[in-house]
Each structure stands twice: as C-alpha cells, then as structure tokens.
1. Run down the lysines and flag those whose C-alpha is under 28 Å from the C-alpha of residue 262, throwing out any fewer than 8 positions away in its chain.
2. Describe numerically, in nm with one decimal, the distance between label points set 7 Å from Cα along Cα→Cβ at residue 131 and at residue 95.
3. Given a 1.4 Å probe, how much area per residue of the chain is accessible, in Å²?
4. Taking a ≥ b ≥ c as the square roots of the eigenvalues of the Cα gyration tensor of the chain, is the shape rounded (a/c under 1.5), prolate (a/b larger than b/c) or oblate?
5. Which of the three applies to the range 57-123, rounded, prolate or oblate, going by the alpha-carbon gyration tensor with a ≥ b ≥ c and a/c under 1.5 meaning rounded?
6. Please identify which residues in the range 151-169 have an amide N closer than 14 Å to a label point set 7 Å out from the Cα of residue 81, following the Cα→Cβ vector.
7. At 4 °C and 1.567 mPa s, grab the translational diffusion coefficient of the range 77-223 from Stokes-Einstein with a Kirkwood Rh over Cα pairs, rounded to a whole number in µm² per second.
8. What is the ratio of the Cα radius of gyration of the range 150-265 to 2.2 N^0.38 Å, where N is its residue count, to two decimals?
Amino acid sequence: MIQVDYIVVGIGLAGISFCEQLRANNKSFVVFDNASQLSSTVAGGLYNPVVLKRFTPVWKCQEQLEQALPMYERLEQELGVKLDYKLPVYRKFASLEEQNHWFTASDKPILSKYLSTQIVKNTNEAVEAPFGFGEVLETGRIDVRTLIEAYKNELQKNNQLNETLFDYDELKFENNGIEYRDIKAKHIVFAEGFGIKDNPFFNNLPLNPAKGELLIIHAPELKIDYVLKAGAFLIPLGDDNYIVGATYEWKDLTNQPSEVAKEELSAKLQKIINCPFTIVNQVAGVRPTVKDRRPLVGHHADYRNMYVLNGLGTRGVMIGPYVASQLYDFIENELPLESEIDIKRFQ
Ligand SMILES: Cc1cc2nc3c(=O)[nH]c(=O)nc-3n(C[C@H](O)[C@H](O)[C@H](O)COP(=O)(O)OP(=O)(O)OC[C@H]3O[C@@H](n4cnc5c(N)ncnc54)[C@H](O)[C@@H]3O)c2cc1C
C-alpha cells in the first residue's frame, strides 16, 4: 500500500492549482489524469481583469490576480519554461459612444487601475478600427499547454502521475480516509472539468458546459503585438501566428473541431482584419461553466474526505489558483469557504 495525504483527479488548471497548494505545504499526493478533457490544454490562456462587453470588473479580479500571477511566476522558475507573456489587451471601439462608456468606466475606483484613459489610435492598415482602441492594463497570456506538459513531466519524474482513467467504482471509504487500488489517502479532490459528468458523487451539480473552439492562423502582414478584442479575440503567438477565438456551443459537447466553428471564426476574422491569412490548426474543448457562473468548491454531503474543485468556466487561468487556495484552507485550516463558491448553495 502507498500512503499519501491526497489523491487529485484531473491535472488541468484546477488540478495544477490545487497541487501547487499541496506542494507549498509539504503534503504528499498522487494524480490521476487520462487526458479525456482538453479545456485547459486548448485554452487561449488570456488573463484580463475586465469584462470587455460591458466594461465591468471580473468578479474578485484583484484577489484572483494576486494569487495567480505569483503562482505562474514560481512555476516558470521551477519548471524552467516560459509561461507568462505580458501583453496589453486592446478593445476596439465600435463608436464614439463606446469611447464615452469606456471613460465613464475608467473613472470607477476598481477599474481605474485596469483601464487606460488614453485612446490608442490605429496605425495598422491590416486592422479596421476607425474609433481606435481602449487599452486594458495588467493583462497577458499564460501558455497553458506548455504548463501542463511540463507539470506532468515533473509529476512523472516523481512517480506521482497515473495517466489512466480514475474508476469511481473502485473507491472505498475508510474511517480516516479513502482507499483506491493500492493507494490509501486522507483526502481526495476531484478536479475533472467537464469530466465531472461521469462522477457519481458530484454529477448532480448544475454545470452548464460550453464547448469552445479556436483557430490558429498564420498572417504575415498582420503584425500586431497586442491582444486585439473586436468581434473575436486575436492573440499573438510570435512568428506571425495568432490564436483566433473563441466560439460557444452548448449542444455538441465533444472535443472534435467542427466546420461550423471554423466558418464562424473565419467570418469574424474577415471583419476584423484585411490582410491574407491561412488556418494552420483548429482546437476544441469543453469549458466547465456553471449555471450561476461561480466555481464549484466544497466537500461531499456524506463523505467528508471527498472534495470538488470545478466550475472554472471561461476564466480558469485567473480563478483556478484563487479557488484552490480557498479549498486548501477549508480542508487543512478549517477556514470557511466563501458562500458564493461553496457547493452548499445548491443543497
Ligand atoms: C476554446 C477555449 C478557450 C479558452 N480560453 C481561455 C482563456 O483565454 N483564458 C482562460 O482563463 N480560460 C480559458 N478557457 C477556459 C479554461 O480553459 C477553463 O476554465 C479551464 O481549462 C478549466 O480547467 P479544469 O482543470 O477545471 O478542467 P480541464 O482542463 O477539463 O481538466 C480536467 C482534467 O481532468 C481529467 N479527467 C476528467 N475525468 C477524469 C477521470 N475519470 N480520470 C482521469 N482523469 C480525468 C481530464 O483528462 C482533464 O485533464 C478556454 C476554454 C476553451 C475550451
């Protein structure tokens, strides 16, 4: 028998964020992941504290960034990979009226540090933007795919990773913990993203999963070095490659890229830029979004050693580290969870 403090199921943004809490606190753990969900792997990786449709702050944006950015910085050092690409986000204005809304929003105390009050003029002929852009500050992109690969390699080196399906039927409950095959653990944390649909202990939680797709394009004449938010997002990757996204789809919940999404994104792109581009890749994944748009954190009503960390929705990069730290403090330090994220709200 192997004895550990924790079993973690899922090594997407939620799982990684929680494992980082465990590592920081010298807790032993093993991870199960069978790469059945791709949300984190395909994510655009943007972090941005402002809702760009309405110019309102993202829920708990400051607290989230304070947890998230140091975590990625630490992981860059420890894993020896580049993860955090600091990039401004330029929100294209559709009219003078929108510019005025931007200025009104930038006057609000919580937004003033994130919304620049200088309108950026467009000087790039490949981009259509007669009313210019508003610049969002403290934004960037985390290279989530690189993070996951490097993180898994490290776990593998330490014999902490099982790249197999976690079979819920084989879980046994003991007085002081749980048993799974040859592993005894004090606690188990489920962080399976949309994979939660197969988890008999938590699949009653009200997920509203949204498939998302992205294109990777090559556009040598585009030459932008900022994230452009117009009808879609355009995120520069270097070497004249860009991410274009994303779509939202609630019926087809597979990880298969679709022709419909390709057409939708190509049509949007043609309205934003007027230079040639070729599509070099297309990816898809299912976001674990929740009916009330708040994460799903807490313990099972009957089994006290069993926890869930899910519902990161459309903003896993920022929110993952924040909710993982709350879950850790809840389990180990008996601090209460914020009622907005606690799954008790659905009981
Ligand atoms: C197209 C797209 C673009 C996005 N862009 C952004 C963005 O720019 N910025 C941002 O912040 N967020 C973005 N997101 C959202 C973000 O990706 C999610 O919030 C985040 O990935 C959720 O992470 P997770 O760890 O909860 O789930 P997942 O990433 O789905 O991870 C769950 C893991 O659990 C594993 N698993 C599940 N069940 C089992 C089982 N039974 N046994 C073993 N393993 C199991 C899966 O294989 C998977 O690796 C985007 C999402 C999509 C789809």
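1. Here the lysines satisfying the reach criterion relative to residue 262 are 53, 86, 92, 197, 211, 223, 229, 251, 271, 291.
2. The answer from the label model is 0.7 nm.
3. Values: 16290 Å² over 347 residues.
Result: 47 Å² of accessible area for each residue.
4. Because a/c hits 1.5 or more and a/b exceeds b/c, the chain counts as prolate.
5. Values: a/c = 3.91, a/b = 1.87, b/c = 2.10.
Taking the square roots of the gyration eigenvalues as a ≥ b ≥ c, the range 57-123 is oblate.
6. 151-157
7. Details: Rh = 20.8 Å.
The estimated diffusion coefficient comes to 62 µm²/s.
8. Details: Rg = 20.4 Å, N = 116, 2.2 N^0.38 = 13.4 Å.
So the range 150-265 has a normalised radius of gyration of 1.52.
The values are calculated or read from the model by the stated rules, or taken from the named source; none is laboratory data. None of the values given here were measured: they were computed from a predicted structure. Note: ideal-geometry Cβ built from the backbone for every residue, glycine included; neighbour counts use all protein chains shown. Side chains are part of the model used for accessible areas, which takes the heavy atoms of the whole protein and leaves out ligands, DNA and RNA. Shrake-Rupley method; radii C 1.70, N 1.55, O 1.52, S 1.80 Å.
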